[in-house]
Structure formats: C-alpha cells, structure tokens
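All remarks here apply to the structure that follows.
The values are calculated or read from the model by the stated rules, or taken from the named source; none is laboratory data. None of these values were measured; they are calculated from a predicted model. Please note: Cβ atoms are built from the backbone with ideal geometry, for glycine as well, and neighbour counts cover all protein chains shown. All accessible areas refer to the heavy atoms of the entire protein, side chains included, with ligands and DNA or RNA removed. Shrake-Rupley method; radii C 1.70, N 1.55, O 1.52, S 1.80 Å.
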Amino acid sequence: MVAVLWILHLILHHSLKAVLLENVKGMLMHLNGEEPFIARLMAMFRAKIPQWSWGYDLLGAKDYLLPSSRERVIIRGMDKIYCLDGLPQC
C-alpha cells in the first residue's frame, strides 16, 4: 500500500505522466465474499485522479519469452492528455 501512496503523491505533486505496476494475479480473486483488491484499487485511483485513464491486464510471462510461466497483473495509468483514445494496448 505504501507504493500506492507514493504513486498518488508523485502524480498529484510532481507531474508524473504514466504509471506501470506489476503484481500477482491473486489480487483479482474474491476473498471472504469481498470484491477483489484490484476493483478497490481501480476505484480509488479513478476517484482520486479522475484526469487519468486506468486499466489492468492479466499477462502470462511465457507469452513475452520469459523463462517463467507465471501470470502477472499489469496495472496501467496515464494522464488523459496523452491518451485521448483510451489507454494503449498492453
């Protein structure tokens, strides 16, 4: 969560233009009947920084010629000034 606070700080106070984060696919799962963490994270980003476009993808490392077969969540954000047609494909 500290990383998220740093990202918010950098965007709001230091003119960061884009963000790319990587995390485990477990953040997509429902636990104890609650919505997935990724849903809460995206809602928070969209509420705190509405002038940015936000999205995420589940990517397999092996699809990018990496020796691992793990799937990873890639979180993307960019100032809407730079992506008028929405976020670029991952």
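The table for this structure:
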item: Accessible area expressed per residue, the chain, with surrounding protein chains retained (probe 1.4 Å, Å²); result: 70 Å²
item: In Hz, Karplus ³J(HN,Hα) per residue of region 73-79 (6.51, -1.76, 1.60; θ = phi - 60°; x = Gly, Pro); result: 8, 10, 9, 10, x, 7, 4
item: Sum of side-chain charges, Cys83 neighbourhood, beta-carbon under 11 Å (Lys, Arg +1; Asp, Glu -1); result: +1
item: Size of charge dipole - the chain - debye, nearest 20, with Cβ of Lys, Arg +1 and Asp, Glu -1, no other charges; result: 120 debye
item: Percent carbon-and-sulfur accessible area, the chain, ignoring ligands, DNA and RNA, probe 1.4 Å; result: 59 percent
item: Shape metrics for the chain, restricted to C-alpha atoms - Rg then Dmax, Å; result: 14.0, 39
item: The chain, relative contact order in percent, only Cα pairs under 8 angstrom and at least six apart counted; result: 30 percent
item: Cα-only radius of gyration and Dmax that characterise region 49-90, units Å; result: 12.9, 37
item: Residue-by-residue Karplus 3J(HN,Hα) for region 40-56, coefficients 6.51, -1.76, 1.60, Hz, glycine and proline x; result: 5, 5, 5, 4, 5, 4, 5, 6, 7, 9, x, 7, 10, 9, 10, x, 8
